[in-house]
Each structure stands twice: as structure tokens, then as C-alpha cells.
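Notes to accompany the following structure.
The values are calculated or read from the model by the stated rules, or taken from the named source; none is laboratory data. Predicted, not measured: the structure shown is a model, and the values here were computed from it. Using ideal geometry, Cβ is built from the backbone for each residue, glycine included, and neighbour counts are taken over all protein chains shown.
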């Protein structure tokens, strides 16, 4: 009865017209528009990350073929404390591991086709340009004229601010024994390190490689309180370090190519979170009843969504995610490390990483989709999901456990430990954590997955 | 349409092995379903319209002849499942034969149901099968 026809003409036509006329004033709709204009900037920030996570079905072709380094700088510390690593060879011709490892690495760098330009420096009170021949001579024959010792923050400051601006990767080879001028300054070592690098490039990443070598010479401990120096050292191997500094992207590639095969330990700071080629393999290593929901029409195709038909604790479903980790530093390619650290994040307790295996000859030659991957992560699902759930297979950037073992608070008796190493690396972590949405802030790599009921 | 065929063929449970479910749902079910319907209709047209209306063949209109056509339809329905699955490169499993059997059953059912309509269009066989 009270249909639209009953509404008076005035209300239906004249009022909206009046509203249109009044729209020139500062009205509620303007306020709303302004709010709309403001809100996207607030909410958009997490959005690109999400979009990047969810919408990348096609695994990107590995960029291994296009890796190139426009410039690599090598800095070798040649102060008196390094003399024990590079003793002048006597008649017995004993060489240290340092000499073998470093000269081998230098030669590998010199020969590498991917590096366009190399520069070599000895670190005295300032970096002195050297040639490959002279530097490798120094490593082999020993330091003839030791330079005055330079503090670690000073070296870092110089390298980070003067030798990285042109997109170069810089490698510092040193024992990284940093003794603050006053013993009371020890708690500020992390701040000193962070300050030294703070004004460097925005996308700075640092990879730390710890190696050990025998040592024939005088050892200069960081804490000079008890003993000034330890002559005729050392019965035990002594650590030295190679720090790789540079733009995050290049450091990542440098780690994966030129720092391969080094013995010892490594830690990485500020690397961007990588999206590695990945997919759920529909036929490889499977158990239980599930299928790849986004596989499409091709038989045996891979995808990123797992539809679970049935799963229970007694009869779990297990699926395998293939990953190509060739682009990552060697540490993150170790199956044991991955097994320990890979986690599955999401709103479920019923899906867990069961095991991580490296590719074998059999998988490489299989001709199936598994041939494209270097690692296989088995995920066990012990319950049918009630609804669609987004999961993330992530490798969190935890500080490696070796750092604590290699750290000492008193190095007056030299051993395979470095004074306050953990503080130095804390400084790196503190500085580089917030910068990239990558290592230390969160993850080394992320793989988005979906599980859903059938 | 996919959903219809999926419902039709999953009355015996979801495809086995489960890794091949997407291929069955996306490709094989619609294919065998449409082929089944098409071949059933073609055989009915042949029996009721071609043979028993336009050609007026007088000796092929009895229920026994209708049963021969039905049997032919059932066999074809069974064979097309095996052929379709073979063509899709799926992991082999005895489920295929259960699916073929089910398709044969549906072929018989469709043939009977559509006969009730088609016999009204026929001249010689308007009372076949009953």
C-alpha cells in the first residue's frame, strides 16, 4: 500500500537536487574522502608483502646464469696480531691453514669470470692499494712490515662508507679482535659496531664467515689487563673471520657463489627474504589421501594448495614441498640445519615439518617435477582442516648457535674463541634487523602454502 | 557442469589414487559423462528414428532388439572410460574398472530413461521396450 508512488514528489526529486547544490560546502562526504585517502597509506604497507607471498605460482627461473659482481674489494689486515697467521716461512716450510685457505680463496676470486673488477688492499692505518700478486705474496711469505693495529670499528667505518657506494662487495679478512680503549667500554662493543656501519648504504648486508687456523707467533689478546701479549703462541687453532659487506642482493649472490666450500661457520645479517622456486609435488614421497587442488588438468602437476581428503593421527597425510635453494648461502642448504630450523607457520597445530632431505641422483634423473628441486620438505598433516588455511613454510633467521661457542670474555689464554664476538654480531643484528624485511627481522626464505578440506 | 559430473561419479567415493583427483575432476569425469550422454542419444536416434521411423526397417523393433542396442551402449560406456583414463597419463589403479562399471550402469539407466521419450517419436517401435 505504501509503495514508492506515495512518496511526495518534493522528497523524491527536490531534496537530492538540493543536496547536490550544497555539495560545494565542506560536508561529511569530503571528510570521508579524506579519510579514504589517508587510510590506504596506513593499511597498504603489509599488503604488498602479502600479495607477493600469495601470488607467485610460477617458480622464477634461477638467476644463476646472470650473477655478476661489478666490483669486489678485498681488505687484508696486516697488523702485528695477524703475523701469527702469516708467519715468515722458515726452513721447515710450515704453512698455516690461514695461508692455505686465504691464498686459495684469493686465487679463486682472481680467476672468477663473474667478477668484473677486483681491488686489493692492505689495512694499515688506512687501506693501502695493493695488487693481487703482492697481497698473495704477503699471505704466503708472511708480513714483512706489520702495520700499526687499527680498531675494528674504524676499519668497518672506512670500508662501509668509502668502499661500498659504487655497488661493490667488500671482503675484510681479519682476526676481528676488538679491544675497546677502556675495559669499561666492553658492553658498548655492539653499539660501536652498529655506529660504524650506520651511515652506510640502506640495503647493507653483512655475512660473517668464521674459520680457524693454526697460529705461529705472538698473540695479542684484547684484554691487556693480565698479560700484554702471549709470545710463541698457540697450541690451539685460533679463529679468523671473513666479513662480506655490500648491497644485500649482491651479498646474497656472493655468498652463494664465491664463498662456497669454505670450512668453518657462517652467519648472515640483512639478507632479503628470498622467494625460492617451490611447489607441492603431487606424486613424490606422498602418503595418505590428499591432492594438489590447484594442479589443474595436467596429470601429476605441482601446485601450492593441498586438499586433504582424510587425515588423522593414526593415518596422517604427508606431502612433499620441493625447494630450489641454490641461491642461498651454503649454511641454509644444509639439510640438518633446515630440518632443525624450518618451521610451518599458520593457524593450525595439525601440520608440521617432518623431515628435510637433499636431492639425490635418483630425483635429479627422475624426469618428473622433482628433478627441478634441490631440497624436499615433508610436511605431515594429522587432521583434516576444517576450512581453508594459509600456511607459511619459513626459515627464521636465528642467530646461529656457533656464535656463543666461539665467544669468550677473556682471551688472555688464546684458544679457538674470539673476544666478545657475540657482541660484535649483536651490533650487526641490531643495526640490520629493522632494515630489510628479511634476515634477522624475520626469515631467510618464505614459501606460502594453503591447506584445505577436500 | 563439472560439479554435476563430479557428483554423478563420486557416488562410489573419490578417485584413487588420491594424487590424481584433480585430473579426474577436471578432465576425465566431464569427458566420460558427456561422451556417455552423447553416445546414448546417438544410439537412441539410430534405433527409434533412423531404423524405426525414416527407414521403416520392419524387423528391428522388438524388445530383444532394443536390448541389443542397450548392451552395445553399455559396452561402449565401459570402454570409453578405459580409453579416456589411458589417454590422461594418470597413475594406474583398480579404481578405473569400478569407474568403468559405474559408467556402464549409468549408460543403461540413461538409455532406459531416454527410451521413454524417444519411443513417442518412433513409428515402428513406439511400444518398445513396453
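Residues are listed down the side, and each one gets a yes or a no for (1) out of contact with any helix residue (DSSP H, G or I) (no Cβ under 6 Å at 6 or more places or on another chain); (2) surrounded by fewer than 24 Cβ atoms within 10 Å (Cβ to Cβ):
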site	(1), (2)
A:216	yes, yes
A:231	yes, yes
A:234	yes, yes
A:249	yes, yes
A:256	yes, yes
A:265	no, yes
A:268	yes, no
A:280	yes, no
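Here the stretch B:22-38 is the region considered, the condition is being touching a helix residue (DSSP H, G or I) at 6+ places or on another chain (Cβ under 6 Å) and within 10 Å of another protein chain (Cβ to nearest Cβ), and the residue that is farthest from residue B:89 (Cα to Cα) is B:25. When residue B:126 is tested against the conditions (1) at pLDDT below 90; (2) buried (at least 19 other Cβ atoms within 10 Å of the Cβ), the lone failure is (2). The combined condition, being closer than 22 Å to residue A:403 by Cα, free of Cβ contacts under 8 Å to residues at least 60 places away in the same chain and more than 14 Å from every other protein chain (Cβ to nearest Cβ), is fulfilled by residue A:264. Considering only residues in the stretch A:277-289 that are closer than 18 Å to residue A:450 by Cβ, more than 7 Å from every other protein chain (Cβ to nearest Cβ) and assigned to a strand (DSSP E or B), the one that is nearest to the chain's Cα centre (by Cα) turns out to be A:278.
In the set A:313, A:353, only one residue is over 18 Å from residue A:277 (Cβ atoms) and not in a loop (DSSP other than H, G, I, E, B); that residue is A:353.
Those residues that are in contact with a strand residue (DSSP E or B) (Cβ under 9 Å, 6 or more places away or on another chain) and within 18 Å of residue B:112 (Cβ to Cβ), I need them from the stretch B:1-55; list them, please. Across the stretch B:1-55, there are no qualifying residues. Scanning the stretch A:320-334 for residues that are crowded, with 17+ Cβ neighbours inside 10 Å and free of Cβ contacts under 8 Å to residues at least 60 places away in the same chain returns A:320, A:322, A:333.
Taken over the stretch A:227-248, the criterion of being outside any strand (DSSP E or B) and either within 20 Å of residue A:179 (Cα to Cα) or touching a strand residue (DSSP E or B) at 6+ places or on another chain (Cβ under 7 Å) (or both) is satisfied by A:227, A:228, A:229, A:234, A:237, A:248. Residue check: residue B:58 meets all listed conditions (1) touching a helix residue (DSSP H, G or I) at 6+ places or on another chain (Cβ under 8 Å); (2) farther than 30 Å from residue B:19 by Cβ; (3) not in a helix (DSSP H, G or I) but one, namely (1). Residues of the stretch B:94-111 include at least one that is within 14 Å of another protein chain (Cβ to nearest Cβ) and touching a helix residue (DSSP H, G or I) at 6+ places or on another chain (Cβ under 9 Å). For the stretch A:165-186, the tally of residues that are surrounded by fewer than 22 Cβ atoms within 10 Å (Cβ to Cβ) and in contact (Cβ under 8 Å) with a residue 40 or more places away in the chain stands at 6. In the set (1) surrounded by 19 or more Cβ atoms within 10 Å (Cβ to Cβ); (2) within 14 Å of another protein chain (Cβ to nearest Cβ); (3) not in a helix (DSSP H, G or I), the condition left unmet by residue B:19 is number (3).
Mind checking which residues of the stretch A:301-328 are within 14 Å of chain B (Cβ to nearest Cβ) and touching a helix residue (DSSP H, G or I) at 6+ places or on another chain (Cβ under 7 Å)? Correct list: A:302, A:309. Residues considered: B:116, B:41. Of these, the only one that is surrounded by 13 or more Cβ atoms within 10 Å (Cβ to Cβ) and either away from every other protein chain (no Cβ under 14 Å) or out of contact with any helix residue (DSSP H, G or I) (no Cβ under 6 Å at 6 or more places or on another chain) (or both) is B:41. May I ask you to verify whether residue A:292 is buried (at least 16 other Cβ atoms within 10 Å of the Cβ), within 14 Å of chain B (Cβ to nearest Cβ) and either under 17 Å from the mean Cα position of the chain (by Cα) or without any contact (Cβ under 8 Å) to a residue 40 or more places away in the chain (or both)? Yes; evaluated as a whole, the condition is true for this residue.
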